[in-house]
Structure formats: structure tokens, C-alpha cells
Amino acid sequence: MVDYVFQRHLSGGVLLAANKTSTTALPIRRGFVPTKLVLALQQHRGKPAEPVVAVGDRVLKGQLVAAAAGAPSAAVHAGSSGFVRAIEERPALGGHGVQASPCIVIETDGRDERAPASALPSWPADRAAQLEAIRSGGIVGLGGAVYPTADKLATPVPCKTLIVNGAECEPYISCDDLLMRENAAEIVAGALLLTDVLAAPRCIIAVESDKPQAMEAIETAAEAVRDARLKLAEVPTIYPAGGEKQLVELLTGEEVPSGRYPGEFGYVCQNVGTAYAVERLRTAGEPLSARVVTVTGAGVRAPQNVEAPIGTPIAELVALCGGYNEGVVRLIAGGSMMGYALPDDETPITKATNCIIAATADEVRTQSFEWPCIRCGDCAMVCPSRLLPQELLVAAATNDFASLTTLGLQDCIECGCCDVICPSQIRLTERFRIAKRAVALHERRLADGQQ
């Protein structure tokens, strides 16, 4: 039975067309083996992984190919068997676009031969060893932030509540919805495993109200284990309900202050995909070498969700889904709100890639004319972080770094709500991203001047 049903909305937010039905009608397509894998060593927050293989080596599915380089970092594993053909710098999907990263290029052999069970570590008993197993298993946050899970679980204060995030609120993305429907038992088991690692007295699995099949599956799995620590919550369908701070406030009533993190106050958020990955690591010894990706948009002939090996070129994913329709004007990594345009489809997916959209002209704004800000305040009304975007816009235009800091620029989660609502069609989120980089550069220059 669902324990909490929240009717109240988050601060701000917008109601958006979901655009998910085309990919939720089919089950997850599994067993796909691409012709090659391009494994970025910097596909998580923190330090890049360090290669432990050489050109010419044959690798097996699940084999470690790059080790975690201290903390924060996460290991990288082969998603199929094959031969290492190169270790070189290549374009890879980063936090806000394509960026150069050292990569291991594997030519797959089509055999998809898995590393023997004896070569995979067993699940340890003590907490420190469990955290190291999670790090060595390459597990990161699969909701988009890709922060190494082991480091996020090492909270500075005792954990009061683990929140497992199934509030997949961004349009087009349905990978978590399908994963909850098909693998609910593993998600619940993984959630309780993370609860054990954190020694948390409570675990809340939060699912949006527009996912009744996912909630039913999670509810059935939760009833089977009958663990008093486990609670289920139905949250409103509004974007961005899945934001970390927004979800903490909605579920607990506690606001995380500006510049602080939920872990500092005893709250840890993990994605349902991460819970699933941890459980697969424990029960099957499987490291994170594949993830579910939504391949969608009017430009795709057969939109669906695919469990794809990490490092699969986007072109091969689209080809698996029937190829392109005519009229594709933009290829997007991520959802329609927080995703970013790609220069081509040769870029490989990373652990952060939850969605690929092949968009036609009807789905994106290809041309727009910006008008001056009319000071209507609509952007402030929809901002989930309670910021004043119109004031940030002025400060960003003049490089007023002091005001940008005072106004809370770093609290902007770049959700794009202000862009959607702005009657002047000002690209506010893009300006705030640029402003963040400018502030970081300014701070580095100040630091260099003091040394």
C-alpha cells in the first residue's frame, strides 16, 4: 500500500506534455551487442578512471578496463567481449555537452562472452568493503548527475532517510518507468541494500502519479519483503519533481539551504536505476557496464527503451530502433528540458545517458526572436529553487559576480522552467550556464592572484 500521497505541488515548476507513450508501449529491448564500444574514462563526477588494459588485449563482458582513481571516482568495465583497439582522446558526452575525454575503444567480437564468476568479487560483509565494492563496480548516480555512488553514501552525518527517486518528470524520458515495471523486485532489494549500507531507519521510494503501472509493480515487490523501514510515496506529476532538493523538501518538509547538500542534513537521494545496479552487483556480480536508454522522438522510426552497453555509439542505437525518419533537425542527449544538442551521432553513450531524442521541427524551437525582459515575474513564479531569474539575467549581462553570488546563481538547477514560461523567449538557462562558467573562471583568477 502507498504510504504517502502528496497532493500539494512543489515550489514553482511547470506542467508539460509527457511525450512518453511511444516508448512505454513496448518492453525494454535487451541483449543488444554493438560493433564497437567507446568507453570514456571521464564519464562521472570527480577523477577519471585509469586504464588497466592495453591495446591488443582481449576483454570479456563485465571485465574491469579502468580502475577508480581514488575518491571521488568510479571504475569502468567492458559491456561486451572484444579487443582493445585504441586508448585515445575522443569526444564524449559530458555534463553540458560533448567534451574531449580519454577513451578505451573496443571492437566487439559478437560473442558477448562474460567474465567467469570466479573473476568477479563476492559481496562483502562490512560497510567499508561494501563502499569499495560499489566504487570498483563502477556504480554512479543514474539520474543524470553521475556522482560516484560510494562517495555519496559516505555521508558526513548519520542518514535519516534514503530517498529512491522514481519521479521521472522530464518529457520523453521513460527508462526509469519501464525499469520499475519490469525489475521492481531488484529495485526494492537494491533500495534496502543501500538502506543497510547507510544504516538509515527509513527508505522512501518516490514515484510520480502518472506512472500507475510502475507504482503497482513497486508496491507488489515492497509487500513481498514486508520491511518496516520501506515506505512508498506518490508525488505530483509536475516538472521538475525529480530534482534532488525539491524531492527532499516535498517528502520531508525540510528545505536544504543554499549552497548545501541533502547529505549534510541526513538525506541521501539515489535513482531507481542505481538501486537496480547495486542489487545486480550484489546478486550477480555484475558491474555497471550497461544501462537503459530511451531512444525516441518523431525522427525515430521505432521509439523504444534499450538496455545498451555503455560506450555504444548513438548511431547504432538509432539503427537498432529502425533508423531515422525524414525531417530530423536536432539530435539531443537527455530530455527536452535539460538535454543538449549533439553535433553528430558518432558520439558514444555514457553512464549519464538516459535518453536520445531525434527531434523534428515540430518538437523543438529552431528559430526564435528574443524580446527585452518585460519584468512580468513569471520566471520567478515557476523557479523551483525560488530564485529571481530576471535579476540574475541583469547580473549575468554585466558580469556582476558579487550579485550573481548573492542572488544564488549556483542554486540554479538549469531545469529550463524559466525558458518555457518567458513571454519574451529569452534563453535564460543558457545565460545562467555561461554565467556559472564565468564565475568559476573569475574565482580561479582571484585564487591565482592570492598565491
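Read the figures in this text as sums done on the coordinates, not as results from a lab. In this text the structure is predicted, and so the values were computed from the model without any measurement. Here the Cβ positions follow ideal geometry from the backbone for every residue, glycine too, while neighbour counts run over all protein chains shown.
Identify the GluC sites (Glu not before Pro) of region 60-108 meeting these criteria: DSSP loop state and at most 16 other C-beta atoms within 10 Å of the C-beta.
In loop regions of region 60-108 (DSSP not H, G, I, E or B), there are no sparsely surrounded GluC sites (Glu not before Pro).
Pairs Lys20/Lys152; Lys47/Lys152; Lys160/Lys231; Lys36/Lys351: which are spaced more than 21 Å apart, C-alpha to C-alpha?
Lys20/Lys152
When the helix-only estimate is applied to the chain (DSSP H runs of n ≥ 4, each -39,500 (n - 2.57), divided by the residue count), what is the mean residue ellipticity at 222 nm, nearest 500 deg cm²/dmol?
-8500 deg cm²/dmol
In the chain, which whole DSSP H runs stretch at least 18 Å along their own axis (Cα) and average -0.5 or higher on the Kyte-Doolittle scale?
Result, helices passing both filters: 184-198, 212-225.
What fraction of the DSSP beta bridges in the chain is antiparallel, stated in percent and rounded to the nearest 5?
65 percent
Can you give the extra length, in nm with one decimal, that the chain gains between Gln410 and Tyr147 once fully stretched, where that is 0.36 nm per residue apart less the Cα-Cα distance?
Extending this stretch completely gives an extra 92.9 nm.
Convert each backbone phi in region 37-44 into a coupling constant with the Karplus relation 6.51 cos²θ - 1.76 cosθ + 1.60 (shift: θ = phi - 60°), then list the ³J(HN,Hα) values in order as whole Hz, x for Gly and Pro.
In residue order, the calculated couplings are 10, 10, 9, 6, 8, 10, 10, 8 Hz.
Amide H of Gly242 versus every other amide H placed in the peptide plane: which residues, excluding those fewer than 5 positions away on the same chain, fall under 5 Å?
Amide H to amide H, under 5 Å and 5 or more residues apart or across chains, Gly242 pairs with Cys169.
Using only alpha carbon pairs under 8 Å that are at least six residues apart, calculate the relative contact order of the chain and give it in whole percent.
Across the chain, relative contact order equals 19 percent.
For the chain, give the magnitude of the charge dipole about the Cα centre (Cβ charges: +1 Lys/Arg, -1 Asp/Glu; no others), in debye to the nearest 20.
500 debye
Which value, to two decimals, describes the C-alpha radius of gyration of the chain once divided by 2.2 N^0.38 Å?
Working it through for the chain, the quotient is 0.96.
Using 1/(1 + (r/R0)^6) with R0 = 51 angstrom and r between the beta carbons of Arg111 and Asp448, what's the FRET efficiency to the nearest 0.05?
0.45
Over region 64-179, calculate the relative contact order: mean separation of alpha carbon pairs under 8 Å at least 6 apart, over the residue count, as a percent.
Value for region 64-179: 22 percent.
Amide H neighbours of Ala200 under 5 Å, counting only residues 5+ apart in sequence or on other chains, H built in-plane at 1.01 Å?
Distant-sequence amide H within range of Ala200: zero hits.
With a cap of 16 neighbouring Cβ atoms within 10 Å, and only residues DSSP puts in a loop, list the trypsin sites (Lys or Arg not before Pro) found in region 191-246.
Arg202, Arg226, Arg229
Mean separation of Cα pairs under 8 Å and 6+ residues apart, divided by the residue count of region 295-418: what relative contact order is that in percent?
Relative contact order, region 295-418: 23 percent.
Per q in 0.13, 0.24 1/Å, what log10 I(q)/I(0) does a Debye calculation on the alpha-carbon atoms of region 378-450 return?
Per q value, in the given order, log10 I(q)/I(0) is -0.36, -1.04.
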